[in-house]
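This report concerns only the one structure given below.
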Amino acid sequence: AAVATSGSYLDLTGTPTIAMRVGKFLFLENDGPATITLQSESVLPGSGLRLASPTLTLGPKQVVLLICNGTAWTQVRT
């Protein structure tokens, strides 16, 4: 695994998943100083994310709300 240092860019190419249950909500918050870019399944097959756009960038302290439909995490709002 790679470790990001101050000012560096880290690209995680895997598709980590979070256990799904219909109706379950998931809040993701960027608690760090850098941006985080999430990729929808249209860009990264197997990501389990259905975002409002192909990618979603979260800046520091930004949050995204997702809901599970049983097969994917769908963006509700940012």
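Evaluate the distance, in nm, between pseudo-label points positioned 7 Å from the Cα of Lys61 and of Met20 along their respective Cα→Cβ axes.
3.4 nm
Going by average Cβ density within 10 Å per residue, which order do the peptides 57-65, 19-27 take, highest to lowest?
For the peptides 57-65, 19-27, the packing ranking is 57-65, 19-27.
I'd like the accessible area for Ile36: 1.4 Å probe, protein heavy atoms, all chains in place, Å² to the nearest 10.
70 Å²
Once you keep just the Cα pairs under 8 angstrom separated by 6 or more residues, what percentage relative contact order results for region 16-78?
Once divided by the residue count of region 16-78, the mean separation gives 40 percent.
Using a 1.4 angstrom probe on the protein heavy atoms only, could you order Glu29, Glu41 from most to least accessible area?
Order by accessible area, largest first: Glu29, Glu41.
The values are calculated or read from the model by the stated rules, or taken from the named source; none is laboratory data. On a predicted model such as this, the values are computed, not experimentally measured, just so you know. Backbone-built Cβ (ideal geometry, glycine too); neighbour counts: all protein chains shown. Accessible surface areas use protein heavy atoms only, side chains included; no ligands, DNA or RNA. Shrake-Rupley method; radii C 1.70, N 1.55, O 1.52, S 1.80 Å.
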